[in-house]
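Note sheet for the following structure.
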Amino acid sequence: ALALVTIFGSLAIFVLPWLAGLLGLADDRAGLWIGASVQEVAQVVTAGGAVSAAALATATVSKLARVVLLAPLVAGAGVLRARRERVAPPADVEVAAGGSGASAARRTPPVPLFVVGFLVAVLVRSTGVLPASVIEVTTMVTTLLFTAAMFAMGLGVDAAHLVRTGRRALVLGTASAAVVTGTSLVAVLLLT
């Protein structure tokens, strides 16, 4: 999954700005399309920036809105999973509990901590309590970390191994990327 996100996101960095120009999309529409269809934040920033500053701003807001919407979605899925675990504990919990079904096993939190951390960061940044000097430093650190993340993701992809062992996954990833990109484009064209 990580390899496919890296491959298709990297392709999107080059292909989506080119297609946006070819289709004659205004910068805000191009940014919205990029933000709605690319899976990784750093790739969204890179692709949006390749179009224009306005496209970058729109792409970033669009992608971050998708990330924020993960919180209620993940929380809902977590609550449903926790309810299912209470009704019918997984086999490994049964075994760990000596077959009794009553276990003090650690429950998965309904919302992953990274989602909570993201929402806290959004709230802190939105309040305006951070001085400009802190924002300036965090912007530089963010750029450095985005670059490092992109580099690390690239190092994690063994394309030859993926082609040898993951043909079905590669086909599924290609189809998924095409559906998400196409659906996002249609939505942008219809709704804006």
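Please tell me if THR165 is farther than 17 Å from GLY9 by Cα and polar (S, T, N, Q). Spelling it out, THR165 is indeed farther than 17 Å from GLY9 by Cα and polar (S, T, N, Q).
Restricting attention to the stretch 153-192, the residues that are part of a helix (DSSP H, G or I) and within 30 Å of GLY24 (Cβ to Cβ) total 19. Within the stretch 59-79, identify whether any single residue is at pLDDT 90 or above, open to solvent by less than 60 Å² (accessible area, probe 1.4 Å) and over 15 Å from the mean Cα position of the chain (by Cα), and answer yes or no. The answer is no; no qualifying residue exists.
Can you tell which of THR147, THR138, THR143 is open to solvent by less than 70 Å² (accessible area, probe 1.4 Å) and modelled with pLDDT of 75 or more? When all the criteria are applied, what remains is THR138.
Residues in the stretch 11-39 that are of a type outside the set (A, V, I, L, M) and open to solvent by less than 40 Å² (accessible area, probe 1.4 Å): PRO17, GLY31, TRP33, GLY35, SER37. Does GLY156 fit the bill of being in contact (Cβ under 8 Å) with a residue 12 or more places away in the chain and surrounded by 12 or more Cβ atoms within 10 Å (Cβ to Cβ)? No, not satisfied.
Condition check ((1) assigned to a helix (DSSP H, G or I); (2) in contact (Cβ under 8 Å) with a residue 24 or more places away in the chain; (3) over 20 Å from the mean Cα position of the chain (by Cα)) across all residues:
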| position | (1), (2), (3) |
| --- | --- |
| LEU4 | yes, yes, no |
| VAL15 | yes, no, no |
| LEU22 | yes, no, yes |
| TRP33 | yes, yes, no |
| GLN39 | no, yes, no |
| GLN43 | yes, yes, no |
| GLY49 | yes, no, no |
| ALA54 | yes, yes, yes |
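The values are calculated or read from the model by the stated rules, or taken from the named source; none is laboratory data. Values in this document were obtained by computation on a predicted structure and should not be read as measured data. Here Cβ is always computed from backbone atoms with ideal geometry, including for glycine, and neighbour counts include all displayed protein chains. Side chains are part of the model used for accessible areas, which takes the heavy atoms of the whole protein and leaves out ligands, DNA and RNA. Shrake-Rupley method; radii C 1.70, N 1.55, O 1.52, S 1.80 Å.
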